[in-house]
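Since the structure comes first, as structure tokens, the remarks are kept for the end.
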Amino acid sequence: MRLFDKVAIIGTGLIGGSMALAIKKKRLAREIFGVSRHKNTLLLAKKSGAIDKASQHLSIIRDADLVVLATPVNTILKLADIIVKFIRKDSIVTDVGSTKQEIVSKLSKIFPNYVGSHPLAGSEKRGITNASTGIFKNSFCILTPTKNTPPKVLKKIKNLWNQLGARVVVLSPDTHDRILSFVSHLPHAIAFSLIDVVPDKYLKFGATSLKDTTRIAFSDSRLWADIFLSNRKNMFKSIEHFENNLSRIKSAINTRDEKTLIKILKKAKGKREILG
């Protein structure tokens, strides 16, 4: 079922490229435009069949009835002021940014038909070469409308993500950022910090536990610096919670308090079992 005539995706990397491939496969749009600063990325996106037309210039989005901003957080904020010159007034705009308060606050004032999206389907891998049509299947996609979001726009974007296989949840931008600071942003901060603290000469002994725990430290450093800084208040709180809990383990080890240590570890194990 076609939802859109022309879709423009700005940023044809992992998420943008996967969206293009999935929209194409489901025949949800007649035509898909791809925009990227990198010529090679566009060539690969075209070759993979993800997009029909490619351009390094934003003017290609003029005729699109859906524009998707699939770039890092800071770039989304910068692009908003630029694409307003090209975009149709009736076009729907969404983004796939990992934080929402700053983005929603700005974009909802600029675009009347905007609603924020965040598909929880990323990977430490990046780029169009890692894009996949099934990346959104059974994943959560959080939508962050405001009181001014037109109901028909929210319904259409919700339908889009449902068609792509995602389970849609609607949250406020503030709630989204608070939750993600714990379940996504904090784990990345810990993974980066953990691998950094291991002395180089010990790395050759790093086995499955270290590799599994720090897998996401493969992630792009600039992208994650943007995420941490754009969600800094919530990140400060989640890191503080982690530090307090780690201090409890540190204290129990220091005082040889086996009972407390086992209690902490058992509670953590139970929560991990709930996660699945």
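The values are calculated or read from the model by the stated rules, or taken from the named source; none is laboratory data. These figures come from a predicted structure and were not determined experimentally. FYI the Cβ positions are ideal-geometry reconstructions off the backbone, even for glycines, and counts take in every protein chain you see.
Residues of segment 85-113 being touching a residue at least 60 places away in the same chain (Cβ under 8 Å), hydroxyl-bearing (Ser, Thr, Tyr) and under 16 Å from Thr149 (Cβ atoms), which ones?
Thr94, Ser105
Could you grab me the full set of residues in segment 198-213 that are farther than 22 Å from Val183 by Cβ and outside any loop (DSSP other than H, G, I, E, B)?
Result: Asp200, Lys201, Tyr202, Leu203, Lys204, Phe205, Thr208.
In contact (Cβ under 8 Å) with a residue 24 or more places away in the chain and in a helix (DSSP H, G or I), is that true of Phe236? Reasoning before the result, please.
Working: in contact (Cβ under 8 Å) with a residue 24 or more places away in the chain: no; in a helix (DSSP H, G or I): yes.
So Phe236 fails the test.
Filtering segment 214-255 down to residues that are exposed (fewer than 12 other Cβ atoms within 10 Å of the Cβ) and of a type in the set (Ser, Thr, Tyr), which residue is nearest to Asp177 (Cα to Cα)?
Ser221
Output the number of residues of segment 57-84 satisfying the condition of being free of Cβ contacts under 8 Å to residues at least 12 places away in the same chain and not in a helix (DSSP H, G or I).
0
Checking Gly97 against (1) touching a Leu at 6+ places or on another chain (Cβ under 6 Å); (2) under 22 Å from His57 (Cα atoms), only one condition comes out false. Which one?
Result: Gly97 fails condition (1) only.
In this structure, does Leu275 turn out to be loosely packed, with under 13 Cβ neighbours inside 10 Å and closer than 27 Å to Leu14 by Cα?
yes
Evaluate the following for Ser132: is it among the hydroxyl-bearing types (Ser, Thr, Tyr), in contact with a Ser or Thr (Cβ under 7 Å, 6 or more places away or on another chain) and in a strand (DSSP E or B)?
no
On the basis of being crowded, with 18+ Cβ neighbours inside 10 Å and modelled with pLDDT of 95 or more, does Leu194 make the cut?
Considered against the rule, which asks whether it is crowded, with 18+ Cβ neighbours inside 10 Å and modelled with pLDDT of 95 or more, Leu194 comes out as no.
Can you tell me how many residues in segment 135-165 are closer than 14 Å to Leu66 by Cβ and assigned to a helix (DSSP H, G or I)?
Qualifying residue count, segment 135-165: 11.
Considering only residues of segment 41-79 that are modelled with pLDDT under 90 and of a type in the set (S, T, N, Q), which is farthest from Leu3 (Cα to Cα)?
Result: Thr41.
What is the one condition in (1) surrounded by fewer than 16 Cβ atoms within 10 Å (Cβ to Cβ); (2) modelled with pLDDT of 95 or more; (3) within 16 Å of the chain's Cα centre (by Cα) that Thr144 does not satisfy?
The number of the failed condition is (1).
Looking at (1) within 21 Å of Thr99 (Cα to Cα); (2) modelled with pLDDT of 95 or more; (3) touching a helix residue (DSSP H, G or I) at 6+ places or on another chain (Cβ under 6 Å), which is the only condition Ile135 fails?
Failed condition: (2).
In the set Ser91, Ser98, which member is surrounded by 22 or more Cβ atoms within 10 Å (Cβ to Cβ) and more than 17 Å from the chain's Cα centre (by Cα)?
On the way: Ser98 fails: more than 17 Å from the chain's Cα centre (by Cα).
Of Ser91, Ser98, the one residue that is surrounded by 22 or more Cβ atoms within 10 Å (Cβ to Cβ) and more than 17 Å from the chain's Cα centre (by Cα) is Ser91.
Report every pair of residues separated by at least 6 positions or lying on different chains whose Cβ atoms are under 6 Å apart, first residue within segment 213-225 and more than 13 Å from Val73 (Cα to Cα), second crowded, with 16+ Cβ neighbours inside 10 Å and β-branched (Val, Ile, Thr).
Every condition considered, the pairs that remain are Thr214/Ile195; Ala217/Ile195.
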